[in-house]
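To start, the structure under review is shown below, and the notes come after it.
The values are calculated or read from the model by the stated rules, or taken from the named source; none is laboratory data. Fair warning: this is a prediction, and the values are worked out from it, not measured in the lab. Positions of Cβ are generated from backbone atoms using ideal geometry, with glycine treated the same way; all protein chains shown enter the neighbour counts. Please note that ligands, DNA and RNA were not included when accessible areas were found on the heavy atoms of the full protein model with its side chains. Shrake-Rupley method; radii C 1.70, N 1.55, O 1.52, S 1.80 Å.
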Amino acid sequence: MTPAAARPDIVVADTVAALVETAAGSIRGLAADAIAARGRFRIALAGGSTPRALYPHLVGGIDWGRTDVFFGDERAVPPDDPQSNYRMARETLLAPAGVPEANVFRWQAESPDLDAAARDYEQALRARGAPPWVDLALLGLGPDGHTASLFPGTPALAVEDRLAVAVEVPQLATRRLTLTYPTLVGAKHVMFLVTGAEKRAALADVLRPGSTLPAARIIQRSAGVRILCDADAAQDINGAP
Ligand code: 6PG
């Protein structure tokens, strides 16, 4: 029986700028705590527009020499492709912060064998220690309730014995690589970054107790969930300003 998770901590910021400042301060604190406690901070970065706005604010204030950087998911493209989550993070955070290459765990998403790439990624996670596999999983939220590359109706939602998988995403007519529920639910902390009016319905839905959307399953099953959203995205949730 999965222990009932506490209701997530929901923070509504007036603007995206205020949201990323709040998120950056929270992440710097989590990094300092992890490094003080265990000598290492393991973060899984997210793709998407809100994380892209956040990353320049993380260049300073984190000991990147003692941080391991993973990615919650990746598109099946080479690392220099405009669609690559790795490329986005490299340009906005990893390069400006001088994160050592050895600390960055990139999905080999250009591989012709994505299943092998997922198995290799799982090994990289397992080689870095024991659960929780990451201290902080950063996640976005799609309008359909997807998060990472856990999309509604896809086989990845049923995976409980793997940390990372390759998955067909019919909605996008493509394959993706993604961390699975065991990895994301098992993260010590989960932080959703949700902005824009187009996310209003999805945010309200994933907070419904009976929601079966992918992001909802993480909110329902994780203990340390924080949702940072802007006023536009929060319009349909209780307590929104
Ligand atoms: C990706 C992300 C995906 C993203 C959401 C929200 O690879 O795109 O993993 O889950 O976080 O789609 O994206 P936006 O913040 O751009 O709306």
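Structure summary
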{"item": "Accessible carbon and sulfur surface of the chain relative to its total accessible area, %, 1.4 Å", "result": "53 percent"}
{"item": "For ALA137, distant residues with modelled amide H under 5 Å away", "result": "ALA44, HIS189, VAL190, MET191"}
{"item": "Whole-Hz couplings from phi, Karplus 6.51/-1.76/1.60, listed for region 191-200; x for Gly and Pro", "result": "10, 8, 10, 10, 9, x, 4, 5, 9, 4"}
{"item": "Fully extended contour minus Cα-Cα distance, from ASN238 to GLU160, at 0.36 nm per residue", "result": "24.9 nm"}
{"item": "Of the trypsin sites (Lys or Arg not before Pro) in region 168-232, those whose Cβ has at most 12 other Cβ within 10 Å and which sit in DSSP loop", "result": "none"}
{"item": "Interchain or long-range residues, amide H under 5 Å from ASP68's placed H", "result": "PHE41, ARG42, ILE43"}
{"item": "Distant-in-sequence amide H partners of ALA13 (H built 1.01 Å from N, under 5 Å)", "result": "CYS229, ASP230, ALA231"}
{"item": "Two-decimal log10 I(q)/I(0) for the chain, as the Debye equation yields it once each C-alpha is a single scatterer, q = 0.08 Å⁻¹", "result": "-0.26"}
{"item": "Most mobile listed residue (PRO182, PRO155, PRO170) in the chain, GNM with C-alpha springs under 10 Å", "result": "PRO170"}
{"item": "Surface accessible to a 1.4 Å probe, per residue, for the residues of the chain, Å²", "result": "41 Å²"}
{"item": "By accessible area with a 1.4 Å probe, ligands and nucleic acids excluded, highest first: order of THR92, THR212", "result": "THR212, THR92"}
